[in-house]
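The numbers here are math on the coordinates, done by the rules we state, and not lab data. Note that the coordinates shown come from a computational prediction; the quantities given were computed from them, not determined experimentally. Cβ: placed from backbone, ideal geometry, glycine included. Neighbour counts: every protein chain shown.
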Ligand code: NZQ
Ligand code: ZN
């Protein structure tokens, strides 16, 4: 166990019907809100109406900014910043999935600075302040609702960069109503499941520690619950408890607790994935089921005991063969409907040079050591 400091200031309001409280919480941070959302999902599933009704009840003035796309892009975030500045909003209210939340965070940070926000993502400048951020989560996956992270793609350069643990970017309050997730398709839910599992498992697989009793128990418990909930959601997509456990598991999976004290943990599956979703604009979770399986196949000898523990304690596979455990994970991904090869994500001819160049930069920036360009290429080739 290595030393750590942990501070997570986000207030979580969880459960059925909690959207009626949005206005009251927002009013603690101001009177004028920039409401950031995506395309049409929150209008189609009634979330928009509920949020607006609650805001109206608390007399909150609302400036709307919609059209955030999956894998949110820099130019759109800049439009949001211009709007936030023009109307001098007091806070940013994000309603949607991880992309909406991340772009809302970029807007909240950009609204009170004069420089180019891309400097935050290239580490030229640090984010030290932002407008208050409040979120209503409708797609549980990224953990953005309870973390200080955000990821934005610069569409001109195809660079998908992010940051984590930034105090100014933690939402003040996040609303999690599992019923808002009934409208997610099974495919979207499967991609979310893949993202949650990777958040939990990257540190678990890459740690140098032989045993981490508290962290292992936390990760194994949540991963099993999320996988079981996924299967229950396939059986019944409006199973409240399955949606609720899945939602809370997603938040706990990437709110910082899972990684605490783990020596040597790193994020190779994410560093392989970000270039894929930046270049081919696929869902982040779909990319992760591809990269995680390939990374495990490539590193299975170095991390054999952790893979076998994963098989035993999470998948319920008693074996001394790492291949059997990886096959079992691949079978789970296939069963729920998330790809494990490029072709399953519609990528027929991957541009290996571009992928390797982009991932090499991320491996360096995220201090993931022990991989050459040849290693990166070999892992991308396993994904064919
Ligand atoms: O645009 P709308 O109409 O809202 O539709 C969205 C979008 O098309 C839809 N959706 C959301 N909630 C729904 C719904 N459809 C029906 N019912 C609902 N209740 O889902 C689609 C995908 O949404 P998106 O927000 O893109 O998905 P996700 O939550 O997976 O977010 C992915 C983004 O987060 C980043 C990823 O890289 C990617 O850019 N990440 C952010 C992290 C963080 N902040 O800590 C960490 C992650 O590892 C990740 O990198
Ligand atoms: Zn992720």
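Okay, here's what the table says:
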read-out	value
FRET efficiency, residue 232 to residue 13 (Cβ-Cβ, R0 22 Å, nearest 0.05)	0.35
Nearest-ten-degree value, helix 98-110 long axis tilted from longest Cα axis of the chain	60 degrees
Prolate/oblate/rounded label for the chain (Cα gyration tensor, a/c 1.5)	prolate
Cα-based shape type of the range 185-382, given that a ≥ b ≥ c are square roots of the gyration tensor eigenvalues and the cut on a/c is 1.5	oblate
For the chain, share of DSSP beta bridges that run antiparallel, in % to the nearest 5	15 percent
Relative contact order, percent, the range 11-180 [alpha-carbon distance under 8 Å, six or more residues apart]	27 percent
GNM top mover of 313, 71, 40 - the chain, alpha-carbon springs below 10 Å	40
Relative contact order, percent, the range 94-183 [alpha-carbon distance under 8 Å, six or more residues apart]	33 percent
Footprinting exposure proxy for 366, 118 (fewest neighbouring C-beta atoms within 10 Å first)	366, 118
Rel. contact order, % - alpha carbon contacts under 8 angstrom, at least six apart, the chain	16 percent
Helix-derived mean residue ellipticity, 222 nm - over the chain, DSSP H n ≥ 4, -39500 (n - 2.57), to 500	-15000 deg cm²/dmol
FRET efficiency for residue 281 and residue 122, using Cβ-Cβ distance with R0 set to 30 Å, rounded to 0.05	0.90
Cα long-axis angle, helix 352-365 against the chain (0 to 90 degrees, to the nearest 10)	70 degrees
Fewest-first ranking of 243, 299, 341, using other Cβ atoms within 10 Å as the exposure measure	341, 299, 243
Anisotropy class of the range 250-350 from Cα gyration tensor, a/c 1.5 cut	oblate
Likely footprinting exposure, 138, 206, fewest C-beta neighbours within 10 Å first	206, 138
Helix axis angle, 240-253 relative to the chain longest principal axis, alpha carbon, degrees	80 degrees
Listed residues 124, 364, 208, most fluctuating in the chain (Gaussian network, C-alpha, under 10 Å)	124
